[in-house]
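**Q** Here it is, the structure, as structure tokens.
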Amino acid sequence: NAGVTQTPKFQVLKTGQSMTLQCAQDMNHEYMSWYRQDPGMGLRLIHYSVGAGITDQGEVPNGYNVSRSTTEDFPLRLLSAAPSQTSVYFCASRKGQGWEQYFGPGTRLTVT
Amino acid sequence: AQSVSQHNHHVILSEAASLELGCNYSYGGTVNLFWYVQYPGQHLQLLLKYFSGDPLVKGIKGFEAEFIKSKFSFNLRKPSVQWSDTAEYFCAVTGLHYSGGGADGLTFGKGTHLIIQP
């Protein structure tokens with residue numbers, strides 16, 4: 001199994017640009033989540049999904065959209081990038097409610 | 001709503017010192033508990049987990065944690081740390097039933113940054 005994969009690893013955007021961060025898992029996990037990690041702030045949940053076709057907002061959803069058309073894929077869309085979205089983004093998945101989370105390698109995004 | 005508190009944000013130790021990182025949670029029901037480690041520049045990896053049974057759980061790289069239900073605690077320990085243990089450590093808790101409401105049911109602490117000096 002490849003586990004959780006993310007692309008790209010690094011990205012630089014200009015303010016106002018849009019882009020999609022890709023996330024895929026091959027473990028048939030129901031739950032998938034997107035986090036951002038900023039110095040001193042720990043992990044903050046952006047959006048999550050508890051199954052294909054079901055998504056919900058997390059702690060910091062503004063400026064981001066998600067969809068979950070398949071069990072495997074959970075892309076994160078930045079609608080109009082802002083410098084405040086400069087961060088490291090992690091996608092994660094888990095089998096179900098009580099199970100451990102598996103994390104992808106992360107995407108380091110810089111918005112200028 | 002559940003919450004997780006990690007008492008120490010930064011810990012500096014010398015090699016061979018003993019380590020204990022505190023983690024307390026608040027949640028009204030049965031929980032599963034986790035410790036994750038994030039080495040510099042890498043993603044989070046599972047260090048150990050507690051689901052049920054023996055409250056003293058052993059993980060990778062000589063780490064262990066003890067679940068004390070009466071204290072709502074799940075402290076991480078290692079008898080003798082190495083320079084390679086320098087990393088950020090996250091405690092996490094999840095209830096067994098999804099409750100929705102804008103959270104995916106898995107709550108992380110803010111993390112403890114551990115620096116081991118050679």
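The values are calculated or read from the model by the stated rules, or taken from the named source; none is laboratory data. Computed from a predicted model, the values in this text were never measured in an experiment. Every residue, glycine among them, receives a Cβ derived from its backbone with ideal geometry; neighbour counts consider all protein chains shown. To get the accessible areas, we keep the full protein, side chains included, count just its heavy atoms, and leave off ligands, DNA and RNA. Shrake-Rupley method; radii C 1.70, N 1.55, O 1.52, S 1.80 Å.
**Q** Test of understanding: given chain A, find the longest segment containing no trypsin sites (Lys or Arg not before Pro) that are in a DSSP loop and have at most 11 other Cβ atoms within 10 Å.
**A** With a cap of 11 other Cβ atoms within 10 Å, the longest stretch comes to A:15-112.
**Q** Which log10 I(q)/I(0) values does chain B give at q = 0.10, 0.14 Å⁻¹ under the Debye formula, counting every alpha carbon as one identical point scatterer?
**A** Cα-only, vacuum Debye calculation for chain B: -0.28, -0.55.
**Q** How large is ³J(HN,Hα) for each residue in the range B:27-36, as worked out from phi by the Karplus curve 6.51 cos²θ - 1.76 cosθ + 1.60 (θ = phi - 60°), to whole Hz, x for Gly and Pro?
**A** Running phi through 6.51 cos²θ - 1.76 cosθ + 1.60 with θ = phi - 60° gives 6, x, x, 5, 10, 10, 10, 9, 10, 10 Hz.
**Q** Could you tell me which GluC sites (Glu not before Pro) in the range B:10-69 are loop residues by DSSP with no more than 14 other beta carbons within 10 angstrom of their beta carbon?
**A** B:Glu15
**Q** I've got another one for you. Quick one: which residues, 5 or more positions from B:Leu47 or on another chain, have an amide H under 5 Å from its amide H? H modelled 1.01 Å from N in the peptide plane, none for Pro or chain starts.
**A** Hits under the 5 Å cutoff: B:Trp35, B:Tyr36, B:Val37.
**Q** Show me you know the interface measure: the accessible area buried between B and A, both chains summed, probe 1.4 Å, in Å² to the nearest 100.
**A** For chain B against chain A, roughly 1800 Å² becomes buried.
**Q** A follow-up question, please. From a point 7 Å beyond the Cα of B:Tyr27 in the direction of its Cβ, which residues of the range A:71-112 have a backbone N at a distance under 12 Å?
**A** A:97-101
**Q** List the lysines whose Cα lies under 26 Å from the Cα of B:Lys58, skipping any in the same chain that are fewer than 8 positions away.
**A** A:Lys95, B:Lys49, B:Lys69, B:Lys71, B:Lys78, B:Lys110
**Q** Given axes a ≥ b ≥ c from the Cα gyration tensor, I'd like to know whether chain A is rounded (a/c under 1.5), prolate (a/b larger than b/c) or oblate.
**A** Prolate, because a/c is 1.5 or more and a/b exceeds b/c.
**Q** State to the nearest 20 debye the size of the charge dipole of chain B about its Cα centre, where the only charges are +1 on K and R beta carbons and -1 on D and E beta carbons.
**A** Magnitude of the dipole: close to 140 debye.
**Q** Can I ask one more? How many angstrom lie between the Cα centre of the range A:55-102 and the Cα centre of the range B:11-28?
**A** 29
**Q** Using the Karplus curve 6.51 cos²θ - 1.76 cosθ + 1.60 with θ = phi - 60°, work out ³J(HN,Hα) for each residue of the range A:98-112 in order, rounded to whole Hz, and write x for Gly and Pro.
**A** Along the range A:98-112, the couplings run x, 9, 6, 9, 10, 9, x, x, x, 10, 8, 10, 10, 10, 9 Hz.
**Q** Along the Cα→Cβ direction, 7 angstrom out, place labels at B:Ser3 and B:Lys110. What is the inter-label distance in nm?
**A** 1.1
**Q** Taking 8 Å as the Cα distance limit and 6 or more residues as the minimum spacing, I'd like the relative contact order of chain A as a percentage.
**A** So the answer I get is 36 percent.
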